[in-house]
1. Which of the residues that make up segment 22-52 are touching a helix residue (DSSP H, G or I) at 6+ places or on another chain (Cβ under 8 Å), of a type in the set (Val, Ile, Thr) and surrounded by fewer than 16 Cβ atoms within 10 Å (Cβ to Cβ)?
2. Only one of Arg78, Arg64, Arg55 is at pLDDT below 75 and either more than 28 Å from the chain's Cα centre (by Cα) or surrounded by 11 or more Cβ atoms within 10 Å (Cβ to Cβ) (or both). Can you tell me which?
3. Name the pairs: first residue in segment 104-127 and closer than 18 Å to Ala169 by Cα and surrounded by 11 or more Cβ atoms within 10 Å (Cβ to Cβ), second residue of a type in the set (Phe, Trp, Tyr) and at pLDDT 55 or above, Cβ to Cβ under 8 Å, at least 6 apart or on different chains?
4. Any residue that is under 24 Å from Asp235 (Cβ atoms), part of a loop (DSSP other than H, G, I, E, B) and modelled with pLDDT under 85 - is there at least one of those in segment 132-147?
5. Within segment 158-178, how many residues turn out to be free of Cβ contacts under 8 Å to residues at least 60 places away in the same chain, touching a strand residue (DSSP E or B) at 6+ places or on another chain (Cβ under 9 Å) and open to solvent by 20 Å² or more (accessible area, probe 1.4 Å)?
6. Does at least one position in segment 216-226 carry a residue that is among the acidic types (Asp, Glu) and more than 27 Å from the chain's Cα centre (by Cα)?
7. Among the residues of segment 182-193 satisfying the criterion of being open to solvent by 20 Å² or more (accessible area, probe 1.4 Å) and within 25 Å of the chain's Cα centre (by Cα), which is nearest to Thr149 (Cα to Cα)?
8. Thr132 - would you say it is polar (S, T, N, Q) and surrounded by 17 or more Cβ atoms within 10 Å (Cβ to Cβ)?
Amino acid sequence: MRRETQNVLLVLLGGALLKIGINGDYLRYVKPAQHPWVIAGGAVILLLGVVAIVRDVLAARQARAAVPAVHGHHHAARSAWLLAVPVLAVFLVAPPALGSDSVLRAPAAPRAATQDAAAFPPLPGGSVVPLTLTEFVTRAGWDARGSLTGRTVELTGFVVHGRDGVLLARMVIRCCAADAAPVTVRLTGPAAARFRDDSWLVVTGQVVPGTAVAGNGYTPDLTVDSLRPIPAPHDPYEY
């Protein structure tokens with residue numbers, strides 16, 4: 001790779017990191033805690049690219065001043081820009097967050113509970129209890145005290161039409177999107193079937209006890225009371 005191409009790619013890569021760090025698109029790739037590192041990394045890479053370009057331009061001017069002009073035309077700079085087109089496309093068009101296709105390709109991978117039932121605190125009072133999908137699936141699969149039984153919960157996720165019915169899903173990441181794994185809940189009743197894949201819903205309902213087992217990837221059934229569509233959240237993942 002020519003030096004000119006390397007410098008251009010550094011500038012584009014640094015600019016892309018700064019862009020997604022400033023507008024919040026970095027949440028499609030990494031956890032919120034990584035935000036300072038995205039900004040800092042983008043700034044350093046952009047600065048390195050700019051410094052390298054300025055240094056090369058000054059060196060070229062000095063070389064032209066010291067050596068007589070030679071007839072002919074060279075297009076190294078054009079070639080560098082052409083090779084940078086794919087990176088420029090990534091800079092301008094950010095890919096979407098992981099969704100239903102990722103859920104269908106990767107089986108649900110719930111986090112195994114390493115603590116006993118006493119580790120699950122009582123659910124708060126109220127007629128409807130908001131929970132993350134991770135907490136709901138974990139309690140449904142491993143809470144021997146059955147804290148979910150008879151309680152109405154509120155869950156938020158996106159729709160996935162799977163082989164065994166309609167699922168409500170979220171992608172869980174520990175560090176970045178590369179290690180993402182889905183958590184899923186099966187929605188019982190016909191109402192959810194009318195929504196397309198990747199539609200975001202807020203769903204209320206009750207767990208069907210004993211449905212989260214190893215044979216189905218610890219995917220509990222939820223008897224749906226109500227559901228409503230919502231826009232995709234700015235931060236689509238759970239952590």
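The values are calculated or read from the model by the stated rules, or taken from the named source; none is laboratory data. In this text the structure is predicted, and so the values were computed from the model without any measurement. Glycine also receives a Cβ, built like all others from the backbone with ideal geometry; neighbour counts cover every protein chain displayed. Note: accessible area is taken over every heavy atom of the protein model, side chains too, but ligands, DNA and RNA are not part of it. Shrake-Rupley method; radii C 1.70, N 1.55, O 1.52, S 1.80 Å.
1. Ile22, Val44, Val50
2. Arg78
3. Ala108/Tyr218; Pro110/Tyr218
4. No, segment 132-147 contains no residue that is under 24 Å from Asp235 (Cβ atoms), part of a loop (DSSP other than H, G, I, E, B) and modelled with pLDDT under 85.
5. Number of matching residues: 3.
6. yes
7. Per the criteria, the residue is Arg186.
8. In short, no.
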